[in-house]
Amino acid sequence: MDRNKTDGDGTSTVEDDSIHDEESTGVEHRQSDREQSPPQLGSRILITWFELTVVGITGSFLGTTVGGPVGFLIYLATSLLTVGVIFYNVNALIKGWLQMTGDHP
């Protein structure tokens, strides 16, 4: 089915509804793909463990090397980054589950 649209300058264009139908079927196809593969908890745990290890080793190395009050601030920053890594990965898991179920906050 064709639709006439009028632009702001008075010219009219014709749109074909088959384009809109193809777009909507693509969205439905993507949603069905998401439903078939749930978020991978094991891989997210492995990624989180690796990120925490890197942040912890780097922070402790820098904190020990610098020492003093600046070293203490580096230790505090490392603790903050550790919490940030955990929150980021938990958020990624929750987003994956929400996308799988189709719930959008």
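Given (1) modelled with pLDDT of 85 or more; (2) out of contact with any Ser or Thr (no Cβ under 6 Å at 6 or more places or on another chain); (3) of a type outside the set (A, V, I, L, M, F, W, C), where does residue 89 come up short, assuming only one miss?
(2)
Can you tell me which residue among 58, 78, 48 is surrounded by fewer than 14 Cβ atoms within 10 Å (Cβ to Cβ) and either at negative phi or modelled with pLDDT of 95 or more (or both)?
The match here is 58.
The values are calculated or read from the model by the stated rules, or taken from the named source; none is laboratory data. None of the values given here were measured: they were computed from a predicted structure. For neighbour counting, all protein chains shown are included, and Cβ atoms are generated from backbone atoms with ideal geometry for every residue, glycine included.
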